[in-house]
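S.K.: Before I ask anything, let me first share the structure, which is written out below as structure tokens.
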Amino acid sequence: QVQLVESGGGLVQPGGSLRLSCAASGFSFSVYGMSWHRQAPGKERELVSSITRLRLTNYADSVKGRFTISRDNAKNTVYLQMNSLKPEDTAVYYCSAEFGSRHYWGQGTQVTVSS
């Protein structure tokens, strides 16, 4: 059974940091491309960052220089380190795994940036 379980979300003040984790199981994690997406209220889901099986990374312009994606294949986990958070980063953050035609999603974790 495929599972992607996100954790690490919460309420943080502007300028603060959070680290999201996504624990994967039920598939060959190391060969999958992993990514983080987010969806704010009233907006479409958008790609935040991705990391390939070869650890090539990509970031949305809005988070470049503030967010860092990484993966630990030994732990079947992908991370998103988020620094210098802004109110506009408030959203539900989803983890995603993709390999060929296979695409899996987690349930999401809420991130709220507010004073």
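S.K.: So, with a 1.4 angstrom probe, what is the percent of accessible area on the chain that is carbon and sulfur? Present the calculation step by step, with values, prior to reporting the outcome.
M.R.: Numbers: 2870 of 6220 Å².
About 46 percent, which is the carbon plus sulfur part of the accessible surface.
S.K.: Quote the convex hull volume per residue of region 50-101, based on C-alpha atoms, as a whole number of Å³. The partial results should precede the final answer.
M.R.: Details: hull volume 5.5 nm³, N = 52.
Considering the Cα atoms of region 50-101, their hull volume per residue is 105 Å³.
S.K.: Same structure again: Provide Rg and Dmax in Å for the chain, with only Cα atoms included in the calculation.
M.R.: Radius of gyration, then largest Cα-Cα span, for the chain: 13.4, 42 Å.
S.K.: Right, here's the next one. Could you work out how far apart the two model spin labels at Leu56 and Asn83 are, taking each label as a point 7 Å from the Cα in the direction of the beta carbon, and quote it in nm?
M.R.: Going from the Leu56 label point to the Asn83 one covers 2.6 nm.
S.K.: Full extension from Asp72 to Ser17: what is 0.36 nm times the residue separation minus their Cα-Cα distance, to one decimal in nm? It would help to have the intermediate numbers written out before the result.
M.R.: Details: separation 55, 0.36 × 55 = 19.80 nm, distance 2.02 nm.
Using 0.36 nm per residue and subtracting the Cα-Cα distance, I get 17.8 nm.
S.K.: Another question about this same structure. Would you look at the GNM of the chain, springs on alpha carbons closer than 10 Å, and say which of Asp89, Asp61, Asp72 moves the most?
M.R.: In this elastic network of the chain, the residue with the biggest mean-square fluctuation among Asp89, Asp61, Asp72 is Asp61.
S.K.: Can you work out the accessible area per residue across region 1-94, with the rest of the protein chains kept in place, probe 1.4 Å, in square angstrom?
M.R.: Numbers: 4940 Å² over 94 residues.
Here the residues of region 1-94 average 53 Å² of exposed surface.
S.K.: Another question, if that's okay. How many nm separate the modelled label positions at Gln3 and Lys43, each set 7 Å beyond the Cα in the direction of the Cβ?
M.R.: 3.1
The values are calculated or read from the model by the stated rules, or taken from the named source; none is laboratory data. It should be emphasised that the depicted structure is a prediction, and the values quoted were computed from it without experimental measurement. Please note: Cβ atoms are built from the backbone with ideal geometry, for glycine as well, and neighbour counts cover all protein chains shown. Only protein heavy atoms, including side chains, enter the accessible area calculation; ligands, DNA and RNA are left aside. Shrake-Rupley method; radii C 1.70, N 1.55, O 1.52, S 1.80 Å.
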